[in-house]
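*Asks:* Got a structure here, written out as structure tokens. Questions coming.
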Amino acid sequence: MPTRDTAGPGDRSRDGNDAAAAASASAAAIDVDGLELTYADGTVAVDGIDMTVPEGEFFGFLGPNGAGKTTTIKVFATLLSPTGGAVRINGFDARSDSRKVRESIGYMAQETSIDPELTAAENIEFACEAYGVPRDARTDRVDELLDLVDLADVADKRAEEFSGGMKKRLDAATALVHRPPLVFLDEPTTGLDPKARNRLWEYFRRINDLGTTIFLTTQYLEEADQLCDRLAVILDGEIVADGSPSELKREVGGEVLDVELEGGQAAGERAADIAREFDAFGDASVAETEAGISVTAETAREHGTDLLVALRDAEITVTGFNIRAPTLDDVFLAITGEELDADDGEVAR
Ligand SMILES: Nc1ncnc2c1ncn2[C@@H]1O[C@H](COP(=O)(O)OP(=O)(O)OP(=O)(O)O)[C@@H](O)[C@H]1O
Ligand SMILES: [Mg+2]
């Protein structure tokens, strides 16, 4: 064991601070600074985005059709070269070290890339070959991945016989053959029914639980909400919001307290005045509704009952109340002024 006296300069790297610095320097799976991508025809698809995704995170990239999600992923996967800015993937520069980037990522494209004529097992074998998985490791790898996405029972069936959800699962498995620490999933569930979608979510969670960083694009607010540790909302090539789903919901202004009242409009007006004057709600937004009032406030849950007491003290009769969280729909609407209608999205084939 080295003593203080014998420790040479080489030991500095094992010093606590340096090791921590090195660990944090290598902890970003994705590091993007001012990324721009303008297509040859002049279309500005990505207009200066910055983001950092730490290793192990489940990150969501949410946006409507044409927002720039696929373009961004293609830059990350080195299929497109950025026209501006810097992109580092797993510590490698996407421009100058594209081969190393490719070796260190899995990529599930928006259009399925499996071969319908091949069986499930053959598709994975083919991917093993393409990604240079050593021959003697392939059989085990194929079995392991078929198990992971629950396709072992249909290993020898041709992919053309699969449902849309099964095809997507197989496609996800082929992106994992080389055990990449980072996987890009471009709208993996668009067009699938809720059951198939739920099932895919399970696999994605499983992959993430195994330590894989996931970067997922989606048009589904619920998907982002269910899966992602953190997300960014992209609109017209720019990131217009980012944070955890709950942070984003909080930015909308907390929770929503719906109060039902007796006494019609007059009671509603009086109750709304009381709620507006209610200090504990801070910057609340108060609306009169058909049934009574609706209060959106950071502290709606905490101080909701205090408001009910205040209303009773003012001799306003409360017939019912409900506290609900804002949804990511509220977030998207607040940020963009647009509804995100994922069902306009294309159907997965
Ligand atoms: N090869 C291309 N040449 C020119 N413009 C393109 C090209 N590919 C995409 N675009 C444009 O770039 C913008 C962003 O497209 P992108 O495919 O990245 O959006 P997206 O968010 O993935 O949309 P979707 O949800 O429909 O898949 C759009 O205006 C699109 O029309
Ligand atoms: Mg796309």
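The values are calculated or read from the model by the stated rules, or taken from the named source; none is laboratory data. Everything numeric here is computed off the predicted structure, so don't read it as measured data. For neighbour counting, all protein chains shown are included, and Cβ atoms are generated from backbone atoms with ideal geometry for every residue, glycine included. Heavy atoms of the whole protein, side chains included, go into the accessibility calculation; ligands, DNA and RNA do not. Shrake-Rupley method; radii C 1.70, N 1.55, O 1.52, S 1.80 Å.
*Asks:* What's the Cα-based Rg to Rh of the chain, Rh via Kirkwood?
*Replies:* Result: Rg/Rh = 1.10.
*Asks:* Which order do Lys167, Lys74 take when ranked by solvent-accessible area (1.4 Å probe, heavy atoms of all protein chains), largest first?
*Replies:* Lys74, Lys167
*Asks:* Across region 88-95, in residue order, what do the Karplus-derived ³J(HN,Hα) couplings come to in whole Hz, using 6.51 cos²θ - 1.76 cosθ + 1.60 with θ = phi - 60° and x for Gly and Pro?
*Replies:* Whole-Hz 3J(HN,Hα) from phi for region 88-95: 10, 10, 6, x, 9, 6, 5, 7.
*Asks:* Okay, moving on. In the chain, what is the count of Lys pairs whose alpha carbons are under 24 Å apart, counting only pairs at least 8 residues apart or on separate chains?
*Replies:* 12
*Asks:* Kirkwood hydrodynamic radius of region 254-325 from all distinct Cα pairs, in Å?
*Replies:* In region 254-325 this quantity evaluates to 11.5 Å.
*Asks:* Next question, about the same structure. Ordered by residue, what ³J(HN,Hα) values in Hz, to whole numbers, does region 47-57 give under the Karplus form 6.51 cos²θ - 1.76 cosθ + 1.60, where θ = phi - 60° and Gly and Pro are x?
*Replies:* Each residue of region 47-57 in turn: 10, x, 10, 10, 6, 10, 10, x, 4, x, 7 Hz.
*Asks:* What value, in deg cm²/dmol to 500, does the helix sum -39500 (n - 2.57) over DSSP H runs of n ≥ 4 give at 222 nm once divided by the residues of the chain?
*Replies:* After summing the helix terms and dividing by the residues of the chain, the value is -11000 deg cm²/dmol.
*Asks:* Let me ask you something else. Tally the DSSP beta bridges in the chain and give the antiparallel ones as a percent, rounded to 5.
*Replies:* So the antiparallel bridges amount to about 65 percent of the total.
*Asks:* Give me the net charge of Pro54's neighbourhood, meaning all other residues with Cβ under 12 Å from the Cβ of Pro54; Lys, Arg count +1, Asp, Glu -1.
*Replies:* Neighbourhood net charge equals -3.
*Asks:* Please work out the FRET efficiency for the pair Asp193 and Leu79, using the Cβ-Cβ distance as r and a Förster radius of 35 Å; give the result to the nearest 0.05.
*Replies:* 0.75
*Asks:* Per the 1.4 Å probe, what fraction of the accessible area of the chain, in percent, lies on carbon and sulfur atoms?
*Replies:* Solvent-exposed carbon and sulfur of the chain make up 45 percent of the total.
*Asks:* Here is a further query. Considering only C-alpha atoms, what is the centroid distance from region 250-315 to region 101-122, in Å?
*Replies:* Result: 53 Å between the Cα centres.
*Asks:* So with the 1.4 Å probe, I'd like the accessible area per residue for region 254-325, rounded to whole Å².
*Replies:* For region 254-325, the solvent-accessible area averages 57 Å² per residue.
*Asks:* Sticking with this one: Under a crude label model (7 Å from the Cα following the beta-carbon direction), how far is Ala152 from Asp140 in nanometres?
*Replies:* Label-label distance for Ala152 and Asp140, simple model: 1.6 nm.
*Asks:* Taking the mean number of other Cβ atoms within 10 Å as a proxy for protection, how do you rank 152-163, 185-196 from highest to lowest?
*Replies:* 185-196, 152-163
*Asks:* Can you pull the one-decimal nm distance between simple spin-label points at Gln265 and Glu202, each 7 Å off the Cα toward Cβ?
*Replies:* Using points 7 Å along Cα→Cβ, the separation is 5.4 nm.
*Asks:* In terms of modelled amide H atoms, which long-range or inter-chain residues lie less than 5 Å from the amide H of Asp115?
*Replies:* none
*Asks:* Length gain on complete extension for the stretch Thr43 to Glu117, per 0.36 nm per residue less the alpha carbon to alpha carbon distance?
*Replies:* Answer, rounded to one decimal: 23.0 nm.
*Asks:* Next up: Name the residue, out of Asp229, Asp97, Asp279, whose mean-square fluctuation peaks in a Gaussian network model built on the chain with Cα pairs under 10 Å.
*Replies:* Largest GNM mean-square fluctuation: Asp279.
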